[in-house]
1. Given K534/K575; K32/K71; K170/K197; K23/K71; K377/K508, which pairs have Cα atoms separated by over 25 Å?
2. Given R₀ = 51 Å, FRET efficiency for D654-E337 by Cβ-Cβ distance, to 0.05?
3. Percent of accessible area on the chain owned by carbon and sulfur, 1.4 Å probe?
4. Which order do the peptides 490-500, 95-105, 301-311, 732-742 come out in when sorted by mean C-beta neighbours inside 10 angstrom, highest first?
5. Arrange the peptides 430-442, 64-76 so that the one whose residues have, on average, the most other Cβ atoms within 10 Å appears first.
6. Given labels modelled 7 Å from the Cα in the Cβ direction, how far is it in nm from E110 to Q627?
7. Give the peptides 715-721, 107-113 in descending order of average Cβ contacts within 10 Å, highest first.
8. May I ask you to derive the relative contact order of region 253-366, considering only C-alpha pairs under 8 Å and at least 6 residues apart, and to give it as an integer percent?
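The values are calculated or read from the model by the stated rules, or taken from the named source; none is laboratory data. As the structure is a computational prediction, the values presented were derived from the model and not from experiment. Counting neighbours? That spans all protein chains shown, and the Cβs are built from the backbone with ideal geometry, glycine included. The accessibility values were calculated without ligands, DNA or RNA, using every heavy atom of the protein model including side chains. Shrake-Rupley method; radii C 1.70, N 1.55, O 1.52, S 1.80 Å.
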Amino acid sequence: MVEMPKRYDPHEAEKKWMEYWEKEGIFRFDPKVKERDKIFAIDTPPPTVSGSIHMGHAFGFSQADFIARYKKMRGYNLFYPFGYDDNGLATELFVRKVKGILPRDMSREEYVKMVLEVTEEAEKEFEKLFRRMAMAFDWTLVYRTISPEVTRMSQLSFIELYEMGRAYRKEDVTIWCPSCETAIAQVEMEDKKERAKLYYIQFDVEGGEKITIATTRPELMPACVAIYVHPEDERYKHLVGKEAKLPIFGREVPIMANEDVDMEYGTGVVYHCTFGDYADIEWARAFNTDIIIVIDEQGRMNEKAGKYAGLTIREAREKIIEDLKAEGRVVKEEDVEHVVNVHERCGTPIEFRVTKQWFIKYLDLKDKWLELGRELKWYPEHMRTRYENWVKGLKWDWCISRQRKFGVPFPVWYCKKCGEIIVAKREQLPVDPFRDKPLEPCPKCGSTEFEPERDVMDTWATSSITPLINAKWEGDGKGELMDAIYPMDLRPQGHDIISFWLFNTIVKCYLHTGKLPWKVTMINGHALDPHGRKMSKSKGNVIDPRDIMDRYCADALRYWAAGTKLGDDLPFQEKDVQTGMQLINKLWNASRFVLKQLEGYEPEKLESVVRAEDAWLLAKLHDVITQVTDLFENYEYAKARKLVEQFFWHDFCDNYLEMVKQRLYNRDEYDEATIRSAQYCLYHGLLAVLKMLAPIMPYITEEIYSYYFREREGMKSIHASSWPEAEDWWKDEKAATRGDVIVELLSAIRQFKNQNRMPLNAEISRLIIPAELKDVCEEFEACIKETAKVKGIEYGDVEEGSATFTAGEKTYSIVIEV
């Protein structure tokens with residue numbers, strides 16, 4: 001056995017074990033093992049390639065990795081791939097920041113080439129981070145959502161959905177981001193509170209009357225198509241059926257009754273513009289109004305805005321208010337706080353435009369999505385509520401087309417002569433409609449002249465098939481690994497993308513396979529700054545996990561990530577990382593002591609131990625292994641970590657090691673069975689602690705394991721070894737309970753010595769213990785004498801003792817004579 005050095009160098013260990021695990025293929029999936037019940041398949045979340053590495057990556061991925069490593073040690077053939085989501089808008093925004101170039105500034109071909117080069121460099125940084133953090137990914141199972149292989153599957157998915165009648169194209173109102181210049185889906189909006197001005201604007205009504213509306217968006221006045229009042233509002237009901245004249249523009253619009261009008265908001269009068277919000281869209285359909293779009297794709301007023309054409313939305317708002325005031329039309333202004341829908345990627349307020357887009361039809365299956373959500377096992381369970389609230393609130397089919405240059409192309413052309421939609425044949429995938437052509441003439445008119453679809457697919461249209469990507473799906477429910485890994489066992493992800501990734505994956509995978517894509521989902525929370533705030537560059541509170549690992553180590557950072565239950569947000573506190581370092585140092589020092597005492601010891605099969613304290617240690621070990629195993633099975637890694645720590649620090653180090661030192665230091669005073677009894681407990685106690693901590697702290701546990709246990713167990717790695725199993729005969733409630741009493745008794749004696757400034761090895765001539773504890777203490781007498789340096793023990797009535805201790809619900813006094 002190689003002796004452990006005095007100090008542990010975590011950074012040296014990280015480098016060594018990263019290389020070793022990869023070289024030995026410790027986490028490599030074995031494709032020869034295809035029995036489904038022997039495989040644990042994880043649908044790893046592919047991080048967005050946006051150049052930003054933050055604590056959220058360390059936090060969420062670590063928690064998923066705890067489960068992956070645990071399942072590996074439970075004997076499963078682990079399928080744990082890694083992917084990069086590198087074809088989305090976030091990637092384009094990243095490239096724009098790095099290069100300072102807009103897509104419109106260069107040709108499509110040049111732009112795509114540049115984006116691929118930039119993302120390739122960013123991916124290398126992600127790989128460095130995740131390798132150093134000891135993520136147990138199989139790095140031979142890496143995919144990119146823009147690669148030719150994935151592009152083929154994404155296009156195949158579109159074709160299948162098109163053939164089902166689920167993918168369709170139509171001209172309709174779409175949600176639009178003026179900054180990103182593209183349509184977006186409902187799921188990409190988020191609410192943002194903003195301060196605004198509520199303007200009260202007066203309109204003339206035929207017959208000489210006037211009516212006042214209240215709005216925060218006067219720039220939409222050229223798009224006004226109607227004015228609404230509540231049919232029961234006595235102030236205005238007599239005006240229904242008349243027309244009002246728009247200030248500045250002079251156009252007349254009808255005044256109509258609408259039960260949706262809130263009589264208490266503003267003046268109780270609403271001016272309907274196309275479109276300011278979702279209600280405007282509903283009313284346009286309900287009342288069959290005209291549709292006037294005055295904002296272009298870049299967020300500027302178009303020619304229908306008259307003299308305001310070319311102005312930005314903000315400029316138009318200011319100019320129109322200026323002109324309205326000049327006409328005396330603004331009767332009042334109020335400061336208000338209201339909720340604005342913004343694009344979650346860039347924070348720009350969204351607009352609504354009428355454009356041709358591709359959609360996936362799924363609103364008609366809302367009940368099915370709810371049913372599937374209830375079939376899925378959720379950890380924690382309450383996260384299902386977020387899923388259900390999202391499904392119940394759906395108002396739009398899924399818009400999957402984006403007006404971008406970079407992304408997975410639609411496998412679609414349009415006949416130049418008749419406009420017929422031509423979809424690629426499956427055998428020609430992947431296709432680039434700008435470069436490739438349909439295999440056959442137009443089926444409608446026979447023309448061979450085609451126009452390529454210029455839009456690309458939304459990134460979620462591709463990342464929503466990650467289970468199929470992993471299974472090497474070939475369409476029609478077939479695939480190289482479909483039988484082996486589908487449905488997958490686990491989907492880990494953050495709670496913020498339940499509506500994005502989780503829901504859309506259920507939708508697409510169910511439509512393609514008729515099954516849920518996974519059996520279980522585990523939902524993690526967010527990493528926050530030390531004050532409990534969301535980290536963002538604008539706040540200057542972003543913490544880079546690489547900096548923390550440089551100052552401490554990866555295991556200490558993973559220790560922090562295990563500090564809260566699944567689903568909860570966790571503020572980053574450096575003291576928690578420091579606590580992790582303390583545990584690492586204690587593991588190292590305790591292991592150096594234990595392994596030195598195990599020199600020459602070979603593991604043996606026992607059915608009993610000699611000493612009562614040995615039976616106590618094994619009883620406690622039995623309980624902690626049982627409980628920790630159950631906790632990991634239920635994704636409660638934080639409680640598991642806490643239990644192992646308590647056992648290691650309190651039971652194993654603070655007490656048992658002190659109990660056995662006399663035997664180990666003075667072996668010639670004991671028979672071989674008594675020595676081996678202690679060694680048996682040391683061996684199994686330390687090995688079990690290392691294995692139970694291995695999913696959370698893989699480097700330090702691997703390092704210690706390699707010095708002694710690897711050779712004895714015959715395994716290449718602690719992470720390839722079996723999860724600890726408690727022997728049935730270890731279970732002994734009586735030994736556990738009685739041993740706990742002795743622990744408290746010994747603690748009272750140590751405290752007495754400290755209070756009296758006595759060295760811990762100072763001899764006690766006589767110890768008097770209450771008579772009622774005689775039955776408990778007699779079998780531990782040797783332990784008490786050796787540990788506390790007691791010459792004589794007596795039992796009797798103790799009315800006023802030298803020290804007290806509590807065992808169970810009772811407090812006892814003892815007499816200590818020096």
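1. On the way: K534/K575 19 Å; K32/K71 18 Å; K170/K197 36 Å; K23/K71 21 Å; K377/K508 19 Å.
Correct reply: K170/K197.
2. It comes to 0.35.
3. Numbers: 15700 of 35090 Å².
Using a 1.4 Å probe with all protein chains present, the chain comes out at 45 percent carbon and sulfur.
4. Details: 490-500: 20.5, 95-105: 14.3, 301-311: 16.6, 732-742: 18.8.
The densest-packed peptide leads the list: 490-500, 732-742, 301-311, 95-105.
5. Working: 430-442: 15.8, 64-76: 22.0.
Top of the packing list down: 64-76, 430-442.
6. 6.6
7. Values: 715-721: 19.6, 107-113: 14.4.
Ranked from most to least packed, the peptides come out as 715-721, 107-113.
8. On the way: 73 pairs, mean separation 19.5, N = 114.
After rounding, I find 17 percent.
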